[in-house]
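The values are calculated or read from the model by the stated rules, or taken from the named source; none is laboratory data. This one's a predicted model, so the numbers in the text were calculated from it and none came from an experiment. Here the Cβ positions follow ideal geometry from the backbone for every residue, glycine too, while neighbour counts run over all protein chains shown. Remember, those area values only see protein heavy atoms, side chains included, never the ligands or the DNA or RNA. Shrake-Rupley method; radii C 1.70, N 1.55, O 1.52, S 1.80 Å.
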Amino acid sequence: MSATSAGLALLASCWLVLSMAQAAEWRMGGWAGFAAVLALALWLSGDAASRTSIAAVSAWAADAERRLDLSALLLAEALLFGAQAIMTAQAQTLAEASRWWRWLGALPSPSLLLTLFFAQVVVMLSVDGVDFRLLSAGCAVLFPLAFVAGSWGLRRALPDVLMRSGLRLALHAVQVGAGIWLARPAALAAADPLPSAIGVQGLALAAEIATVMGLGWLLQRRSILE
């Protein structure tokens, strides 16, 4: 396994546990609805997963522009869902939080969907002699059930909402670190009086992060004042 693939696997594991900790706040109806939606999404993405290779995933992750996109995704998720974890801990239960934070907490993170798609790709490449449609149907059934079981087990292992929120914040800190690492320049370029493409993209990323952070702070202040 290459260093890029190993890094993606570790990051995907972090995303999966983080999403399970978030889903541990849901009720049975939320788990059932999410399992149904996730099963449909996995079944529809089965054809795309069957045509994706590990080499293609590694090349995608090694591309500088894709790394910046993934960095922006990680930092935005850490900001929004981290703030939601703090508000949930302050309210003690998700039901007691404000409406906006409840809606945000009921949404699956984009990183979870990306992780499950990559897991489906690994299954497609690891199992030989089985039709891709059958494998896609199996993933559509087993992945949602395993996710719900993991969320339920995490809720039993960490019955206190403060403990679950603390776990989420720790994993969001890992997300921030991974996002900053992914936003680094691929290599040091020679001195040039004109800004490089990576430098311009870095400035755009910094402006995007600052905008999202400001929006999150305003929403949090508004919720506290209400």
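Using θ = phi - 60° in the Karplus curve 6.51 cos²θ - 1.76 cosθ + 1.60, the 3J(HN,Hα) couplings for region 155-170 round to 5, 6, 6, 10, x, 8, 5, 5, 5, 5, 5, x, 4, 4, 5, 5 Hz; x is entered for Gly and Pro. For region 116-123, the Karplus equation 6.51 cos²θ - 1.76 cosθ + 1.60, evaluated at θ = phi - 60°, returns couplings of 5, 5, 5, 5, 5, 4, 4, 5 Hz by residue, with Gly and Pro reported as x.
For the peptides 50-59, 33-42, 78-87, the ranking by packing is 78-87, 33-42, 50-59, with the highest mean count of neighbouring Cβ atoms within 10 Å listed first.
Taking label points 7 Å from Cα along the Cα-to-Cβ direction, TRP152 and ARG66 give a separation of 3.6 nm. Region 129-191 and region 18-79 have their alpha-carbon centroids 8 Å apart. Amide hydrogen proximity for LEU158: with H placed 1.01 Å from N in the peptide plane, no residue at 5 or more positions away or on another chain lies under 5 Å. Within the accessible area of region 77-184, the carbon and sulfur atoms contribute 71%, probe 1.4 Å, all protein chains present.
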